[in-house]
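The values are calculated or read from the model by the stated rules, or taken from the named source; none is laboratory data. Because the structure is a prediction, the values reported are computed rather than measured. Because the Cβ atoms are built from the backbone with ideal geometry, glycine has one as well, and the counts that use them run over all protein chains shown. Side chains are part of the model used for accessible areas, which takes the heavy atoms of the whole protein and leaves out ligands, DNA and RNA. Shrake-Rupley method; radii C 1.70, N 1.55, O 1.52, S 1.80 Å.
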Amino acid sequence: MSNVQQYNLWFVNQSSSAGKVCVYQDNSNVTFNQSDPAVLAWMLAGANPSVQVNFQWATDYDFAWFDYGSPGTQQIIGANLNTDNAVTFRLNQYGYYFQTLTSGSSGQLSVQSDGSIPTVNHAVVGIGMHGAGTFTFPAKPNINSLFTPIQDANLAYWISFGYYLFEVNDPIDVSILNTSAKISFPYGVYTMTAVLDVQNLWTIYPGPPVTTNAERVSQVTVYEAAKGVLHPTFRTLLTRI
């Protein structure tokens, strides 16, 4: 992972509401050999008013499956666009699993669901980034699901804030989320800030949060994709006094 670029996205909650901030990707980031992939909640963190959240990730890809039956199970394994970019999805007496990674077409990620997958199930297969899911299709027998990500420099991300009940790796309906803002990293920029104001409008700009001496922050939460909240810290930055 040492040669994979690290990214930071700061969320600044200047609204009057508490809730969850969700970062997700849409299908402009990947082309598919099937239609209508499910978009998953990729990163998710709670935030009270005057709290900042620092989302951190790298553009390293994963294979993922999720069984939303009871009890829920899942598996997420690292992938590579040039090698280790194909895998078989199977079912045995102990449940679903990925077989050993193999090499397929460069630039593509391939999930081959074999004949052991039942026609009726609660499972989905797909891909993720930095340890959490991003896109899935329903698991079906004898189907090859192909995912072709765009160049890292062209990737875009979306951020939304609200009273959300879903969790990381859950499918989301982006059409019913509160207004989302698009995050695109300019060339050579690896830190962006998204500010939600008291009118619930977004301001997006490059770099870390801009503050003044007349402001202080009550809490900063650091969140890494798939690893949850790492730690909260307290400093003097954000809430107006």
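Computed quantities for the displayed model
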{"quantity": "Of PHE161, PHE147, PHE32, the one that fluctuates the most in a GNM where the chain has Cα springs shorter than 10 Å", "calculated": "PHE32"}
{"quantity": "Under-5 Å amide H pairs with GLN75, H placed in peptide plane, nonlocal only", "calculated": "TRP65"}
{"quantity": "Cα centroid separation, the range 121-139 to the range 33-102 (Å)", "calculated": "5 Å"}
{"quantity": "Dipole moment magnitude, nearest 20 debye, the chain about Cα centre, only Lys, Arg, Asp, Glu C-beta charged", "calculated": "440 debye"}
{"quantity": "Of all DSSP beta bridges in the range 1-129, antiparallel share, percent nearest 5", "calculated": "90 percent"}
{"quantity": "Accessible surface of the chain, 1.4 Å probe, proportion on carbon and sulfur as whole %", "calculated": "51 percent"}
{"quantity": "Percent of alpha-carbon pairs separated by more than 17 Å within the range 93-208", "calculated": "69 percent"}
{"quantity": "Amide hydrogen neighbours beyond the local backbone of ASP84, cut-off 5 Å, H modeled", "calculated": "SER103, GLY104"}
{"quantity": "Choice from VAL87, VAL198, VAL39 with maximal GNM fluctuation in the chain (Cα, 10 Å cutoff)", "calculated": "VAL198"}
{"quantity": "Test item: Cα-centred dipole of the range 6-123, Lys/Arg +1 and Asp/Glu -1 on Cβ, debye", "calculated": "200 debye"}
{"quantity": "Choice from ASN92, ASN144, ASN121 with maximal GNM fluctuation in the chain (Cα, 10 Å cutoff)", "calculated": "ASN92"}
{"quantity": "Radius ratio Rg over Rh of the range 1-59, counting only Cα atoms, Kirkwood formula for Rh", "calculated": "1.07"}
{"quantity": "Relative pair counts by distance (%), Cα atoms of the range 1-101, 5 Å bins", "calculated": "2, 9, 14, 17, 19, 15, 12, 7, 3, 1, 0"}
{"quantity": "Scaled radius of gyration (Cα, divided by 2.2 N^0.38 Å) that the chain gives", "calculated": "1.07"}
{"quantity": "Charge dipole of the chain about the Cα centre (unit charges at C-beta), most positive-ward option of GLY131, PHE98, GLN74", "calculated": "GLY131"}
{"quantity": "For VAL39, distant residues with modelled amide H under 5 Å away", "calculated": "ILE172"}
{"quantity": "Among VAL23, PRO37, ALA58 - extreme Cα towards positive end, dipole of the range 1-96, charges at beta-carbon", "calculated": "VAL23"}
